[in-house]
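Below: the structure, in C-alpha coordinates.
The values are calculated or read from the model by the stated rules, or taken from the named source; none is laboratory data. Worth saying up front: this structure is predicted, and the values here are computed from it rather than measured. With ideal geometry, Cβ positions are generated from the backbone for all residues, glycine too; neighbour counts draw on all protein chains shown.
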Amino acid sequence: MKNLLSIEELTAAEIGDLLAAAAMLKEHRGSDPNPLEGQTWAMIFTKSSTRTRVSFEVGIRELGGFPMFLSSNDIQLGRGELIKDTARVLGRMVHGAIIRTYAQQDVVEFAEFSKIPTINALTDDEHPCQILADLLTVREKLGGWDDKKVAFIGDGFSNMTRSWMWAAKHLGFELVIASPVSCQPTADFMEQLAAPNVSVTQNPADAVSGSHVINTDVWLSMGQEDQKDKELEFAGFQVNANLLAAAAQGHLVLHCLPAYRGKEISEEVLELHADTIFQQAENRLHAQKAVLMSLAMG
Ligand code: CP
Ligand code: NVA
(Lines give C-alpha, C1' and ligand atoms only; values in the text may rest on other atoms or scores of the structure.)
(Ligands and ions follow the chains in the order given, each with its own letter.)
Protein backbone atom coordinates (compact mmCIF):
# COMPACT_ATOMS: atom_id res chain seq x y z
CA MET A 1 0.00 0.00 0.00
CA LYS A 2 1.53 3.33 -1.08
CA ASN A 3 -1.18 5.72 0.19
CA LEU A 4 -4.48 5.58 2.05
CA LEU A 5 -6.70 7.91 0.05
CA SER A 6 -10.06 6.14 0.36
CA ILE A 7 -11.83 2.97 1.41
CA GLU A 8 -12.99 2.74 -2.21
CA GLU A 9 -9.53 1.86 -3.46
CA LEU A 10 -8.71 -0.67 -0.72
CA THR A 11 -9.27 -4.40 -1.16
CA ALA A 12 -10.88 -6.72 1.36
CA ALA A 13 -7.46 -8.32 1.93
CA GLU A 14 -5.84 -4.94 2.65
CA ILE A 15 -8.62 -4.06 5.10
CA GLY A 16 -8.13 -7.44 6.79
CA ASP A 17 -4.36 -6.93 7.05
CA LEU A 18 -4.75 -3.41 8.49
CA LEU A 19 -7.26 -4.59 11.10
CA ALA A 20 -5.05 -7.52 12.09
CA ALA A 21 -2.09 -5.15 12.51
CA ALA A 22 -4.26 -2.70 14.47
CA ALA A 23 -5.36 -5.45 16.86
CA MET A 24 -1.74 -6.52 17.33
CA LEU A 25 -0.57 -2.95 17.97
CA LYS A 26 -3.42 -2.42 20.42
CA GLU A 27 -2.58 -5.57 22.35
CA HIS A 28 1.12 -4.70 22.54
CA ARG A 29 0.86 -0.96 23.04
CA GLY A 30 3.92 0.20 24.92
CA SER A 31 6.21 -2.28 23.14
CA ASP A 32 5.76 -0.71 19.73
CA PRO A 33 8.00 -1.26 16.73
CA ASN A 34 9.82 1.83 15.38
CA PRO A 35 9.06 1.85 11.64
CA LEU A 36 8.94 5.67 11.59
CA GLU A 37 12.29 6.15 13.34
CA GLY A 38 14.00 9.30 12.04
CA GLN A 39 10.93 10.30 10.03
CA THR A 40 8.86 13.49 10.08
CA TRP A 41 5.21 13.28 9.00
CA ALA A 42 3.37 16.46 8.09
CA MET A 43 -0.25 16.85 9.14
CA ILE A 44 -1.96 19.45 6.95
CA PHE A 45 -5.41 20.26 8.35
CA THR A 46 -7.89 22.65 6.74
CA LYS A 47 -10.77 21.57 9.01
CA SER A 48 -11.09 21.24 12.79
CA SER A 49 -10.18 17.99 14.54
CA THR A 50 -9.82 16.48 17.98
CA ARG A 51 -9.65 12.70 17.50
CA THR A 52 -7.82 12.59 14.19
CA ARG A 53 -5.20 15.12 15.15
CA VAL A 54 -4.47 13.65 18.59
CA SER A 55 -4.49 10.02 17.44
CA PHE A 56 -2.10 10.74 14.57
CA GLU A 57 0.26 12.84 16.70
CA VAL A 58 0.36 10.16 19.40
CA GLY A 59 0.54 7.30 16.89
CA ILE A 60 3.43 8.79 14.93
CA ARG A 61 5.40 9.34 18.15
CA GLU A 62 4.67 5.81 19.39
CA LEU A 63 6.06 4.41 16.12
CA GLY A 64 9.27 6.41 16.52
CA GLY A 65 8.47 9.36 14.26
CA PHE A 66 7.92 13.08 14.65
CA PRO A 67 4.56 14.69 13.74
CA MET A 68 4.53 18.22 12.30
CA PHE A 69 1.08 19.80 12.56
CA LEU A 70 0.45 22.41 9.87
CA SER A 71 -2.82 24.28 10.01
CA SER A 72 -3.55 25.38 6.47
CA ASN A 73 -4.15 28.89 7.84
CA ASP A 74 -0.55 29.06 8.99
CA ILE A 75 1.11 27.90 5.79
CA GLN A 76 1.05 29.49 2.34
CA LEU A 77 -1.62 27.01 1.22
CA GLY A 78 -4.08 29.21 3.12
CA ARG A 79 -2.97 32.17 1.00
CA GLY A 80 -3.53 30.38 -2.27
CA GLU A 81 -0.32 28.45 -2.91
CA LEU A 82 -1.22 25.48 -5.07
CA ILE A 83 -1.53 21.97 -3.65
CA LYS A 84 0.86 20.66 -6.30
CA ASP A 85 3.53 23.20 -5.30
CA THR A 86 3.04 22.56 -1.58
CA ALA A 87 3.27 18.83 -2.30
CA ARG A 88 6.51 19.15 -4.26
CA VAL A 89 8.12 21.16 -1.45
CA LEU A 90 7.01 18.88 1.38
CA GLY A 91 7.82 15.76 -0.64
CA ARG A 92 11.49 16.82 -0.56
CA MET A 93 11.52 17.38 3.20
CA VAL A 94 9.16 15.06 5.07
CA HIS A 95 8.55 11.34 4.86
CA GLY A 96 4.75 11.22 4.80
CA ALA A 97 1.68 13.44 4.90
CA ILE A 98 -1.73 13.32 6.53
CA ILE A 99 -4.30 15.66 5.05
CA ARG A 100 -7.73 16.78 6.24
CA THR A 101 -9.49 19.01 3.74
CA TYR A 102 -12.56 19.50 1.54
CA ALA A 103 -11.90 18.16 -1.95
CA GLN A 104 -10.85 14.53 -2.40
CA GLN A 105 -8.98 15.66 -5.51
CA ASP A 106 -6.64 17.75 -3.33
CA VAL A 107 -5.51 14.66 -1.44
CA VAL A 108 -5.11 12.70 -4.67
CA GLU A 109 -3.10 15.55 -6.18
CA PHE A 110 -0.92 15.87 -3.09
CA ALA A 111 -0.06 12.17 -3.25
CA GLU A 112 0.72 12.39 -6.95
CA PHE A 113 2.99 15.43 -6.74
CA SER A 114 4.67 14.78 -3.38
CA LYS A 115 5.45 11.13 -4.13
CA ILE A 116 5.46 10.47 -0.37
CA PRO A 117 2.95 8.25 1.46
CA THR A 118 -0.24 10.27 1.88
CA ILE A 119 -3.19 9.59 4.18
CA ASN A 120 -6.69 11.00 3.82
CA ALA A 121 -7.64 12.23 7.30
CA LEU A 122 -11.16 13.21 6.05
CA THR A 123 -12.39 14.88 2.91
CA ASP A 124 -15.92 15.69 1.79
CA ASP A 125 -15.95 12.30 0.02
CA GLU A 126 -14.38 9.85 2.46
CA HIS A 127 -13.13 9.25 6.00
CA PRO A 128 -11.14 6.04 5.59
CA CYS A 129 -9.29 6.16 8.93
CA GLN A 130 -12.59 6.40 10.79
CA ILE A 131 -14.09 3.43 8.98
CA LEU A 132 -11.07 1.25 9.82
CA ALA A 133 -11.56 2.14 13.50
CA ASP A 134 -15.29 1.43 13.20
CA LEU A 135 -14.66 -1.99 11.65
CA LEU A 136 -12.12 -2.81 14.35
CA THR A 137 -14.74 -1.93 16.98
CA VAL A 138 -17.39 -4.09 15.31
CA ARG A 139 -14.95 -6.99 15.16
CA GLU A 140 -13.99 -6.57 18.83
CA LYS A 141 -17.57 -6.28 20.02
CA LEU A 142 -19.41 -8.68 17.70
CA GLY A 143 -16.64 -10.93 16.41
CA GLY A 144 -17.06 -9.74 12.80
CA TRP A 145 -19.65 -8.63 10.27
CA ASP A 146 -20.58 -11.79 8.37
CA ASP A 147 -24.37 -12.19 8.52
CA LYS A 148 -24.68 -8.84 10.29
CA LYS A 149 -27.01 -6.06 9.24
CA VAL A 150 -25.60 -2.54 9.54
CA ALA A 151 -27.79 0.57 9.49
CA PHE A 152 -26.65 4.13 8.94
CA ILE A 153 -29.16 6.79 9.99
CA GLY A 154 -28.62 10.36 8.82
CA ASP A 155 -26.86 12.04 5.93
CA GLY A 156 -26.79 9.37 3.26
CA PHE A 157 -24.16 11.01 1.09
CA SER A 158 -21.58 12.26 3.58
CA ASN A 159 -17.95 11.22 3.83
CA MET A 160 -18.96 8.68 6.51
CA THR A 161 -21.76 7.05 4.54
CA ARG A 162 -19.70 6.91 1.38
CA SER A 163 -16.83 5.19 3.18
CA TRP A 164 -19.26 2.76 4.86
CA MET A 165 -20.80 1.96 1.47
CA TRP A 166 -17.39 1.10 0.02
CA ALA A 167 -16.60 -0.99 3.10
CA ALA A 168 -19.86 -2.91 2.64
CA LYS A 169 -19.06 -3.44 -1.03
CA HIS A 170 -15.62 -4.89 -0.23
CA LEU A 171 -16.63 -6.92 2.83
CA GLY A 172 -20.10 -8.06 1.78
CA PHE A 173 -22.21 -7.20 4.84
CA GLU A 174 -25.73 -5.82 4.48
CA LEU A 175 -25.84 -2.02 4.80
CA VAL A 176 -29.09 -0.06 4.85
CA ILE A 177 -28.88 3.72 4.79
CA ALA A 178 -31.86 5.72 6.04
CA SER A 179 -31.74 9.30 4.89
CA PRO A 180 -34.06 12.11 3.80
CA VAL A 181 -34.50 11.97 0.04
CA SER A 182 -32.48 15.16 -0.48
CA CYS A 183 -29.45 13.61 1.30
CA GLN A 184 -29.47 10.21 -0.36
CA PRO A 185 -26.62 8.95 -2.55
CA THR A 186 -27.01 9.88 -6.20
CA ALA A 187 -28.05 7.30 -8.80
CA ASP A 188 -24.64 7.75 -10.44
CA PHE A 189 -22.86 6.92 -7.19
CA MET A 190 -25.02 3.83 -6.60
CA GLU A 191 -24.32 2.68 -10.15
CA GLN A 192 -20.59 3.15 -9.64
CA LEU A 193 -20.79 1.35 -6.27
CA ALA A 194 -22.67 -1.57 -7.83
CA ALA A 195 -23.23 -3.28 -4.46
CA PRO A 196 -26.48 -5.24 -4.19
CA ASN A 197 -25.90 -5.55 -0.43
CA VAL A 198 -26.22 -1.75 0.00
CA SER A 199 -29.69 -0.19 -0.04
CA VAL A 200 -31.22 3.18 0.74
CA THR A 201 -34.54 4.02 2.40
CA GLN A 202 -36.32 7.11 3.73
CA ASN A 203 -37.61 5.06 6.65
CA PRO A 204 -35.22 4.87 9.65
CA ALA A 205 -37.34 2.17 11.35
CA ASP A 206 -36.93 -0.12 8.32
CA ALA A 207 -33.17 0.39 8.40
CA VAL A 208 -32.90 -0.28 12.13
CA SER A 209 -35.21 -3.30 12.16
CA GLY A 210 -33.06 -6.38 12.92
CA SER A 211 -29.82 -4.38 12.68
CA HIS A 212 -26.79 -5.44 14.69
CA VAL A 213 -24.93 -2.16 14.20
CA ILE A 214 -26.61 1.25 14.11
CA ASN A 215 -24.38 4.06 13.00
CA THR A 216 -24.97 7.79 12.89
CA ASP A 217 -23.07 11.04 12.36
CA VAL A 218 -23.72 14.78 12.46
CA TRP A 219 -26.49 16.07 10.22
CA LEU A 220 -24.33 18.93 9.00
CA SER A 221 -20.76 18.00 8.17
CA MET A 222 -17.89 20.45 8.41
CA GLY A 223 -18.35 23.09 5.76
CA GLN A 224 -22.16 22.79 5.85
CA GLU A 225 -22.74 24.58 9.17
CA ASP A 226 -24.71 27.41 7.55
CA GLN A 227 -27.15 25.02 5.81
CA LYS A 228 -29.75 25.17 8.58
CA ASP A 229 -32.51 24.25 6.09
CA LYS A 230 -30.83 20.92 5.47
CA GLU A 231 -30.93 20.17 9.20
CA LEU A 232 -34.73 20.57 9.27
CA GLU A 233 -35.06 17.64 6.89
CA PHE A 234 -33.68 15.24 9.49
CA ALA A 235 -36.74 15.37 11.76
CA GLY A 236 -37.50 11.71 12.58
CA PHE A 237 -33.93 10.59 11.92
CA GLN A 238 -32.66 10.81 15.51
CA VAL A 239 -31.14 7.63 16.92
CA ASN A 240 -33.11 7.30 20.16
CA ALA A 241 -34.58 4.55 22.35
CA ASN A 242 -37.80 4.50 20.37
CA LEU A 243 -36.02 3.97 17.06
CA LEU A 244 -33.75 1.29 18.52
CA ALA A 245 -36.64 -0.78 19.87
CA ALA A 246 -36.68 -2.97 16.74
CA ALA A 247 -32.89 -3.42 16.51
CA ALA A 248 -31.35 -6.87 16.99
CA GLN A 249 -30.64 -8.11 20.50
CA GLY A 250 -27.18 -6.95 21.64
CA HIS A 251 -26.91 -4.30 18.95
CA LEU A 252 -24.08 -1.75 18.87
CA VAL A 253 -24.54 1.97 18.40
CA LEU A 254 -21.63 3.71 16.70
CA HIS A 255 -20.93 7.42 16.35
CA CYS A 256 -17.68 8.76 14.88
CA LEU A 257 -17.99 11.90 17.07
CA PRO A 258 -18.28 14.79 17.65
CA ALA A 259 -21.92 14.18 18.64
CA TYR A 260 -24.73 16.67 18.93
CA ARG A 261 -27.04 15.26 21.58
CA GLY A 262 -30.68 15.98 20.91
CA LYS A 263 -30.02 16.12 17.16
CA GLU A 264 -28.71 12.96 15.45
CA ILE A 265 -28.57 11.00 18.73
CA SER A 266 -30.36 11.28 22.07
CA GLU A 267 -28.41 11.90 25.26
CA GLU A 268 -29.82 8.65 26.66
CA VAL A 269 -28.65 6.48 23.75
CA LEU A 270 -25.23 8.08 23.58
CA GLU A 271 -24.61 7.48 27.27
CA LEU A 272 -26.02 3.94 27.15
CA HIS A 273 -23.59 3.11 24.33
CA ALA A 274 -20.70 5.29 25.54
CA ASP A 275 -18.46 2.28 26.16
CA THR A 276 -18.68 1.30 22.47
CA ILE A 277 -18.54 4.85 21.15
CA PHE A 278 -15.41 5.81 23.09
CA GLN A 279 -13.78 2.45 22.30
CA GLN A 280 -14.48 3.38 18.67
CA ALA A 281 -12.73 6.72 19.25
CA GLU A 282 -9.73 5.01 20.90
CA ASN A 283 -9.50 2.61 17.98
CA ARG A 284 -8.61 5.54 15.73
CA LEU A 285 -5.15 5.41 17.34
CA HIS A 286 -4.62 1.68 16.78
CA ALA A 287 -6.06 1.62 13.26
CA GLN A 288 -3.97 4.61 12.16
CA LYS A 289 -0.79 3.15 13.65
CA ALA A 290 -1.46 0.11 11.46
CA VAL A 291 -1.85 2.39 8.43
CA LEU A 292 1.36 4.29 9.26
CA MET A 293 3.28 1.06 9.75
CA SER A 294 1.99 -0.35 6.48
CA LEU A 295 2.89 2.80 4.54
CA ALA A 296 6.32 3.09 6.19
CA MET A 297 7.13 -0.47 5.17
CA GLY A 298 5.99 0.22 1.58
N1 CP B 1 -14.24 11.43 14.15
C2 CP B 1 -13.34 12.38 13.87
O3 CP B 1 -12.71 12.39 12.81
O4 CP B 1 -13.17 13.30 14.84
P5 CP B 1 -12.36 14.67 14.74
O6 CP B 1 -13.10 15.55 13.75
O7 CP B 1 -12.34 15.22 16.11
O8 CP B 1 -10.98 14.37 14.22
N1 NVA C 1 -19.33 13.88 8.50
C2 NVA C 1 -18.59 14.56 9.55
C3 NVA C 1 -17.58 13.64 10.15
C4 NVA C 1 -16.81 14.25 11.30
C5 NVA C 1 -15.76 13.35 11.83
C6 NVA C 1 -17.93 15.80 8.99
O7 NVA C 1 -17.39 15.73 7.89
O8 NVA C 1 -17.97 16.84 9.65
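Points worth noting:
- The criterion of at least 2 residues that are within 13 Å of ligand 2 (Cβ to nearest atom) is met, among strands (runs of 3 or more DSSP E) falling completely within segment 192-293, by 213-216, 252-255.
- Annotation: of all residues in segment 183-228 being touching a His at 6+ places or on another chain (Cβ under 8 Å) and closer than 13 Å to residue 156 by Cβ, the one that is surrounded by the most Cβ atoms within 10 Å (Cβ to Cβ) is 216.
- Segment 16-71: number of residues that are over 20 Å from the mean Cα position of the chain (by Cα) and part of a loop (DSSP other than H, G, I, E, B): 15
- Hey, residue 213 out of contact with any Cys (no Cβ under 8 Å at 6 or more places or on another chain) and either touching a residue at least 40 places away in the same chain (Cβ under 8 Å) or of a type in the set (Asp, Glu) (or both) or not: yes
- Residue in segment 26-43 that is nearest to ligand 2 (Cβ to nearest atom), counting only those that are in contact (Cβ under 8 Å) with a residue 60 or more places away in the chain and among the aliphatic types (A, V, I, L, M): 43
One line per residue, one yes/no per condition, for (1) within 18 Å of residue 218 (Cβ to Cβ); (2) within 16 Å of ligand 1 (Cβ to nearest atom); (3) touching a residue at least 24 places away in the same chain (Cβ under 8 Å):
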residue	(1), (2), (3)
231	yes, no, yes
237	yes, no, yes
242	no, no, no
247	no, no, yes
250	no, no, yes
253	yes, yes, yes
256	yes, yes, yes
260	yes, yes, yes
268	no, no, yes
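- So residue 208, is it in contact with a Leu (Cβ under 9 Å, 6 or more places away or on another chain) and either farther than 25 Å from residue 144 by Cβ or modelled with pLDDT of 95 or more (or both): yes
- Single residue of segment 91-110 satisfying the filter (more than 16 Å from ligand 2 (Cβ to nearest atom) and buried (at least 22 other Cβ atoms within 10 Å of the Cβ)) that is nearest to residue 256 (Cα to Cα): 97
- Selection count, segment 42-80, where residues are of a type outside the set (A, V, I, L, M), under 16 Å from residue 294 (Cα atoms) and within 16 Å of ligand 1 (Cβ to nearest atom): 2
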